[in-house]
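Shown next, in structure tokens, is the structure this report addresses.
The values are calculated or read from the model by the stated rules, or taken from the named source; none is laboratory data. None of these values were measured; they are calculated from a predicted model. Backbone-built Cβ (ideal geometry, glycine too); neighbour counts: all protein chains shown. Each accessible area value is taken on the protein alone, full model and side chains, heavy atoms only, with ligands, DNA and RNA left out. Shrake-Rupley method; radii C 1.70, N 1.55, O 1.52, S 1.80 Å.
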Amino acid sequence: MALRDELLKPIWHAFTALDLDRCGKVSKSQLKVLSHNLCTLLNVPHDPVALEEHFRDDDEGPVSNHGYMPYLNKFILDKVQGDINKIEFNRMCWTLCAKKNLTQNPLCISEDSAFKIWTIFNFLSEDKYPLVMVPEEIEYLLKKLTEAMGGGWQQALFEDYKISLHQKESCLSVWELIELVGSGHFSKGMDQATVSMAITEVFNELVLDVLKQGYMLKKGHKRKNWTERWFVLKPNVVTYYGSEDLKDKKGDIILDENCCVESLSDKDGKKCLFLVKCLDKSYEISASDKKKRQEWIQAIQTVINLRKMGLSSPHREARQKRKALRQKMLAEQMEMEKKMKELQLANETKQRELENVRKQLKDAAERATEEEKRRQETHVELQDRFRVELEQEQMIRRQMEEQVAQKSSELEQYLVRVRELEQMYHQLQEALDDEKQARQDEETVRRLQAQLLEEEAAKRAALEKLHKEQELAIKMTEAEKKELESMQEVKEKALQEAMQQLEHLEKERLEALEQYKTVTKNLEVARCKTMSWKDKVAHHEGLIRLIQPGAKNPGLITNWGPASFTQGELHEREKNWQVMKGSSTEQPPWVTAKRSGESGSGSSE
């Protein structure tokens, strides 16, 4: 039933904008076009035969609002399901009625903003036709727009405007509301962009049920990385997108009575964490600061509580409460007026009764006077008879006096009752004055709250500026981190190449060492052969050498005879031998060599 009422208001605007023929009726062709468009946008199969059958060209069934409503309910609205695009539906109805009804005066808002005000009007208007908005809802809407623009609410200005509303039966139509907002009467000093942003914010909050939105970080389920997402909270779901243009949808967090939300301690270098637990999955989210985290936790918890109580959007519940409060106040006012009328009627009745009593007393006095006059006239004639009847007459007189006293007592009681009624009237007047004073006190508190909200908005702007600076610093840090990572990758690559070259050199060194060992082994074999041949040659030379004088320079002699190298060459060969053998303690064969001078001196002797 709520969906039907929500759809009927835009349809009513579109229907009333249709042109009338000469007979003052809507043509059948226009109703066909309207019905076809409604069926297309509401995903309902269109049946043109049923429309022709419903609107037959005869005098019994005129094409009018009363004739179209049964067809609309039976063939279109009864078949509507929940999965419809309400924005496109409202846009179509707006297109049909805006061109004809929208004022031609220049407005300080765009056509899209006018459409959003038209949609908000359908949400806040009364559920009776023709559609109008009462002053309480007008004040509520203007306050929301003023708060969204960051301005202060001017109650005195609205009171002056409210006085002028009494000339229009205290209600506005949708086109009068659009002209009021577009005239800038309550948005002086604000540019068009600020007013449009405020209208969009109120439209998202009231019509699209966007309870809260903003950027936060979300931890992935597979890669476990943190990514910035634009979160949008609605009465049953939290949807997150790639950016705030809402084009790249990333996922939904379905909220029901089984969900819960709780704050988390800082970890993984992230702060201001909170967790949304569902039956199938949990979501870790990081807010920009502690205040944002607390606001998101409270908003999500409110949605979960509404789901547990089976309630719809909080704005719809608030609208129903305001409507119920207005009905209650109207009923109380009518009851008070009824009581005042009853009191006035009772007072008039008592006044009439008092007048009757006074008249009866006057008549009784007149009758007593006449009776006294008759008695005086007949006193002489009836003196003897009067004496006999005097006692009876006196008795009758006393009875009449008692009746008069009783009537006087009743009159005094009536006067007391009248004074009590007057006292009650004064008390009622004092109660009305106290209520007026209470309303003034409440308005003072509301102004103070508006001032606090303005200060909070300023603090929120400062926090958002600080958040942007932090985001810039984070981006610069990430850029430096990427540059360091690239340098580290280059160094790691160079290190790997150096390790490969080192392994190659180690392999070549091992091969050279193997070759060196082979050459050393061959050299040792050759040396042994050479030493053997030297022994033979020395022995042979010793046999045939002639005795000659010794050399002038001191020479060296080995185990095999005189050496053919000097002392310096001997030290050089020792160094080369130590380098080749390393820490080996083996001595080269020429270490035992002796100077040839010593041998020469022996031979000369």
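Couple of notes before you dig in:
- Of all residues in segment 170-195, those that are on the phi > 0 side of the Ramachandran plot and modelled with pLDDT under 80 have Cβ atoms under 6 Å from Cβ atoms of residues that are open to solvent by less than 50 Å² (accessible area, probe 1.4 Å) and not hydrophobic (A, V, I, L, M, F, W, C), 6 or more apart or on another chain, in Ser170/Pro135.
- A Cβ distance below 6 Å, combined with a sequence gap of six or more or placement on separate chains, defines the contacts here; from segment 470-485, residues that are more than 18 Å from Lys270 (Cβ to Cβ) and touching a residue at least 40 places away in the same chain (Cβ under 8 Å) reach no residue that is open to solvent by 100 Å² or more (accessible area, probe 1.4 Å) and among the basic types (Lys, Arg).
- In segment 311-320, the residues that are open to solvent by less than 50 Å² (accessible area, probe 1.4 Å) and either assigned to a loop (DSSP other than H, G, I, E, B) or among the basic types (Lys, Arg) (or both): Ser313, Arg319
- Restricting Lys323, Lys292, Lys308 to residues that are surrounded by fewer than 14 Cβ atoms within 10 Å (Cβ to Cβ) and either in a helix (DSSP H, G or I) or of a type outside the set (Phe, Trp, Tyr) (or both) narrows the list to Lys308.
- Counted residues, segment 345-354 - those being free of Cβ contacts under 8 Å to residues at least 24 places away in the same chain and within 15 Å of Ser409 (Cα to Cα): 0
- Of residues in segment 102-125 being over 23 Å from the mean Cα position of the chain (by Cα) and free of Cβ contacts under 8 Å to residues at least 60 places away in the same chain, the one surrounded by the fewest Cβ atoms within 10 Å (Cβ to Cβ): Gln104
- Among the residues of segment 181-207, the one identified as among the aliphatic types (A, V, I, L, M) and out of contact with any helix residue (DSSP H, G or I) (no Cβ under 8 Å at 6 or more places or on another chain) is Ala193.
- For Glu147, the conditions (1) at pLDDT 80 or above; (2) open to solvent by less than 50 Å² (accessible area, probe 1.4 Å); (3) within 14 Å of Val202 (Cβ to Cβ) all hold with the exception of (2).
- Which listed residue, of Lys188, Lys224, is closer than 23 Å to Glu137 by Cβ and charged (D, E, K, R): Lys188
- Each residue in segment 246-289 was checked for being touching a residue at least 40 places away in the same chain (Cβ under 8 Å), open to solvent by less than 80 Å² (accessible area, probe 1.4 Å) and either assigned to a loop (DSSP other than H, G, I, E, B) or among the acidic types (Asp, Glu) (or both), and 7 of them qualify.
- Scoring Ser313 on the criteria (1) under 29 Å from Phe123 (Cα atoms); (2) touching a Cys at 6+ places or on another chain (Cβ under 6 Å) leaves a single failure, condition (2).
- Count of residues meeting criterion [open to solvent by less than 50 Å² (accessible area, probe 1.4 Å) and over 30 Å from Pro235 (Cα atoms)] in segment 326-348: 1
- Filtered residue count, segment 444-462, keeping only those that are among the acidic types (Asp, Glu) and surrounded by 12 or more Cβ atoms within 10 Å (Cβ to Cβ): 1
- Which listed residue is among the basic types (Lys, Arg), open to solvent by less than 100 Å² (accessible area, probe 1.4 Å), more than 16 Å from Gly152 (Cα to Cα) and in a helix (DSSP H, G or I), from Lys465, Lys407, Lys436: Lys407
- Checked against (1) assigned to a helix (DSSP H, G or I); (2) under 30 Å from Phe121 (Cα atoms), Lys341 meets all criteria but (2).
- Number of residues in segment 235-245 that are touching a helix residue (DSSP H, G or I) at 6+ places or on another chain (Cβ under 8 Å) and open to solvent by 20 Å² or more (accessible area, probe 1.4 Å): the value is 2.
- Qualifying residue in segment 32-42 (condition: touching a Phe, Trp or Tyr at 6+ places or on another chain (Cβ under 9 Å), open to solvent by 80 Å² or more (accessible area, probe 1.4 Å), part of a loop (DSSP other than H, G, I, E, B) and at pLDDT 80 or above): no
- Complete set of residues in segment 214-242 that are within 18 Å of Cys260 (Cβ to Cβ), assigned to a strand (DSSP E or B), touching an Asp or Glu at 6+ places or on another chain (Cβ under 6 Å) and not β-branched (Val, Ile, Thr): Lys219
- In segment 251-278, the residues that are over 17 Å from Arg293 (Cα atoms), at pLDDT 90 or above and of a type in the set (D, E, K, R): Asp252
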